[in-house]
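Chemist: If you scroll down you'll find the structure; I have some questions about it.
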Amino acid sequence: MAARMQMSHTVTVTRTTTSTTTSAIILNTGYCKTAPGLLKIGEVVVGLIIFLMMYLYNDRFRLYAYTSTTSHFYLFMVVFACLVGSICLLLSCLFSLSTASIIAKTLYEFIFHGVAFLLYLVAMIFYFVNNKNTDQHPYSTVGALGVVITVLYLASTILAYRSYRGA
């Protein structure tokens, strides 16, 4: 008869401050004060700024112009994909009291942030290589914000890994 090994896992649930509204939607406002919460808010805000700048600023950033500038198209797609994922994570942590404490313990958050970091890193290298001789305002601003969001995703990856490993 084979012996069965059991693995034990410890899950810590922390209390957070919540506020209610008249429609009985409970917001986990305490999550916004934590490091992962602040990083997710930063990722959403900076990602939205980059997305809007690339889409609305001038004709060279318009979607139909991306056929000739591959680095812009790749960065635009990375920004859009990561923005949607980050918004979904942030909203799920804000509208569910248990999600914020549970999802951080899973591998999903670590993988998402790690992939987002790598996609942004490649996109920014590609972007800077292809636009090194351009000093126009939208290119330099998007480049600077791209570096900021890459660092934000790296920090989120590190925090997610520590949370997953229980450190």
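The values are calculated or read from the model by the stated rules, or taken from the named source; none is laboratory data. From a predicted model like this one, the values you see are computed outputs, not experimental measurements. Cβ sites come from the backbone with ideal geometry, for glycine too, and all protein chains shown count toward neighbours. Only protein heavy atoms, including side chains, enter the accessible area calculation; ligands, DNA and RNA are left aside. Shrake-Rupley method; radii C 1.70, N 1.55, O 1.52, S 1.80 Å.
Chemist: Select from segment 100-109 the residues that are outside any loop (DSSP other than H, G, I, E, B) and touching a residue at least 24 places away in the same chain (Cβ under 8 Å) and write down the one among them that is most open to solvent (accessible area, probe 1.4 Å).
Modeler: Ranking the qualifying residues of segment 100-109, first place goes to ILE102.
Chemist: When you go through ILE87, ILE25, ILE49, ILE41 one by one, which is the residue that is closer than 20 Å to SER140 by Cα, β-branched (Val, Ile, Thr) and either exposed (fewer than 13 other Cβ atoms within 10 Å of the Cβ) or at pLDDT 90 or above (or both)?
Modeler: None of the others qualify; the one that does is ILE49.
Chemist: Taking SER156, is it closer than 26 Å to PHE76 by Cβ and crowded, with 18+ Cβ neighbours inside 10 Å?
Modeler: Details: closer than 26 Å to PHE76 by Cβ: yes; crowded, with 18+ Cβ neighbours inside 10 Å: yes.
Spelling it out, SER156 is indeed closer than 26 Å to PHE76 by Cβ and crowded, with 18+ Cβ neighbours inside 10 Å.
Chemist: Name the residue that is modelled with the highest pLDDT, counting only residues in segment 56-84 that are more than 19 Å from TYR120 (Cα to Cα) and outside any helix (DSSP H, G or I).
Modeler: By that ranking, first place goes to TYR57.
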